[in-house]
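The values are calculated or read from the model by the stated rules, or taken from the named source; none is laboratory data. Quick caveat: nothing in here was measured; it's all calculated off a predicted structure. Here the Cβ positions follow ideal geometry from the backbone for every residue, glycine too, while neighbour counts run over all protein chains shown.
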Amino acid sequence: MNYLLNTKNLKKYFPVNKNLFNKASKYVHAVDDVSFSVESKDIIGIVGESGCGKSTLAQLIMGIYTPTSGTIEFEGKSINLQNKRNMLAYKRNIQMVFQDPYWSLNPRKMAKDIIAEPMRVHKTVNEYDMDSEIQRLLNMVGISGDRMYEFPHEFSGGERQRIAIARSLSLSPKLLILDEPTSSIDTLSQAGILNLLIRIRDELNLSYLLISHDLSVIHFMSNKIIVMYLGKIVEMGDVNEIFNNMLHPYTKALMLAIPSIDSSGNIKKIEALEGNVPSAINIPKGCRFNARCKDCMDICVTEEPTLKKIDKNHSVACHLY
Ligand SMILES: Nc1ncnc2c1ncn2[C@@H]1O[C@H](COP(=O)(O)OP(=O)(O)OP(=O)(O)O)[C@@H](O)[C@H]1O
Ligand code: SF4
Ligand SMILES: [Mg+2]
């Protein structure tokens, strides 16, 4: 199988409590032994509560952080952060779209310069052809090319996110990382952005890693899903398989927490997740979810479960299976 991206046993531990000699006594286990693969045209949804390591994982893949250990392979080649030429080519292939387009777009720059910036840095388009390339990118995201002279505040929230998407496409990447791409946008514009992302994926044969707290967004967009808890993958597989046959007690609790509307129009939210996520510094012994798990057994407080394949397209890390 030819994978676009492969992470193997990826770890990122952040040092904390440094002493006088700059030596850390403790570490935040932000990403802890994460292995997964991305195939062409995959949309992989990544879910998990705040602090479980989703953004750190994204930043490791972007080459922003150096892994504590583990490897990242792109199109079969191992990524070496020390090799500047290798990294420049790699970084063109992977682009990120952030949660809040207002903060990720420079308010003093016109849309045309925001979109052109990566092409100028990487010298992929000459200035003579730049305006027509900017118009092409704006049209691709559903914005009229003649608006390229406007500033971020002249666009709506949804339009700003479209500009951020146009900018992320300017270097013809193969993988986009979308970190909560619609969570700061009004609900009316959200569906438009999600449909746009699907259309662009089909037209350009892209793959996405889609980080979202919103499981309905993940269900709508993704073909695969990764559920993370305290730096680890606890369940992963095909989205339909997981939504029809979720196994890990944490995944079940996350699903139950999706708000539903009852017959009288009231929004109901079941609080299936009790207690807080434990500290990522003092990792609990055994299963990391044991203090919050209703199915906890003796083995769960002594032995950490490993991620096991239950089916061709379904893996889970839990002693129940
Ligand atoms: N630069 C850093 N230095 C130290 N700790 C960090 C750093 N970045 C993240 N962390 C810690 O690593 C853990 C994972 O954080 P991360 O931001 O990846 O979580 P997340 O899943 O993206 O959360 P959210 O849903 O709130 O965005 C958290 O405990 C966080 O406090
Ligand atoms: S390993 Fe044990 S504590 Fe952890 S989720 Fe499974 S049953 Fe619950
Ligand atoms: Mg995050």
Only one of Glu133, Glu180, Glu150, Glu127 is among the charged types (D, E, K, R), closer than 26 Å to Leu215 by Cα and surrounded by fewer than 21 Cβ atoms within 10 Å (Cβ to Cβ). Can you tell me which? Glu180
Just the residues that are outside any loop (DSSP other than H, G, I, E, B) and without any contact (Cβ under 8 Å) to a residue 12 or more places away in the chain, please, taken from segment 302-321. Lys309
I'd like to verify a number: residues in segment 198-225 that are in a loop (DSSP other than H, G, I, E, B) and either surrounded by fewer than 18 Cβ atoms within 10 Å (Cβ to Cβ) or of a type outside the set (S, T, N, Q) (or both), how many? 5
State all residues of segment 73-121 that are farther than 22 Å from Pro181 by Cα and hydrophobic (A, V, I, L, M, F, W, C); if no residue qualifies, say none. Phe74, Ile79, Leu81, Met87, Leu88, Ala89, Met119, Val121
If you take the residues in segment 157-184 that are within 18 Å of Gly45 (Cβ to Cβ) and assigned to a loop (DSSP other than H, G, I, E, B), which one is modelled with the highest pLDDT? Glu180
Segment 19-72, residues that are of a type in the set (Gly, Ala, Ser), within 22 Å of Leu197 (Cβ to Cβ), assigned to a strand (DSSP E or B) and touching a helix residue (DSSP H, G or I) at 6+ places or on another chain (Cβ under 9 Å): Gly45
Could you grab me the full set of residues in segment 93-111 that are surrounded by fewer than 18 Cβ atoms within 10 Å (Cβ to Cβ) and touching a residue at least 24 places away in the same chain (Cβ under 8 Å)? Asn93, Asp100, Tyr102, Asn106, Pro107, Arg108, Lys109, Met110
Go through (1) more than 16 Å from ligand 3 (Cβ to nearest atom); (2) closer than 22 Å to Tyr229 by Cβ; (3) touching a residue at least 40 places away in the same chain (Cβ under 8 Å) for Thr56 and report which single condition fails. (1)
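Table: residues versus (1) at pLDDT 95 or above; (2) touching a Gly at 6+ places or on another chain (Cβ under 8 Å).
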{"site": "Ser216", "(1), (2)": "no, no"}
{"site": "Phe220", "(1), (2)": "no, no"}
{"site": "Met228", "(1), (2)": "yes, yes"}
{"site": "Glu235", "(1), (2)": "yes, no"}
{"site": "Phe243", "(1), (2)": "no, no"}
{"site": "Leu256", "(1), (2)": "no, no"}
{"site": "Ser264", "(1), (2)": "no, no"}
Scan segment 175-189 and give yes if some residue there is without any contact (Cβ under 8 Å) to a residue 12 or more places away in the chain and touching a Ser or Thr at 6+ places or on another chain (Cβ under 9 Å), otherwise no. no
Here the residues within segment 37-54 that are surrounded by fewer than 21 Cβ atoms within 10 Å (Cβ to Cβ) and closer than 25 Å to Cys287 by Cα are Ser37, Glu49, Ser50, Gly51
Are there any pairs, at least 6 apart or on different chains, whose C-beta atoms fall under 6 Å, with the first in segment 279-301 and within 16 Å of ligand 3 (Cβ to nearest atom) and the second not in a loop (DSSP other than H, G, I, E, B), and if so, which? Ala280/Val28; Ala280/His29
Criterion: over 17 Å from Gly192 (Cα atoms), among the basic types (Lys, Arg) and touching a Pro at 6+ places or on another chain (Cβ under 8 Å) - qualifying residue of Arg147, Arg108, Arg120, Arg167: Arg167
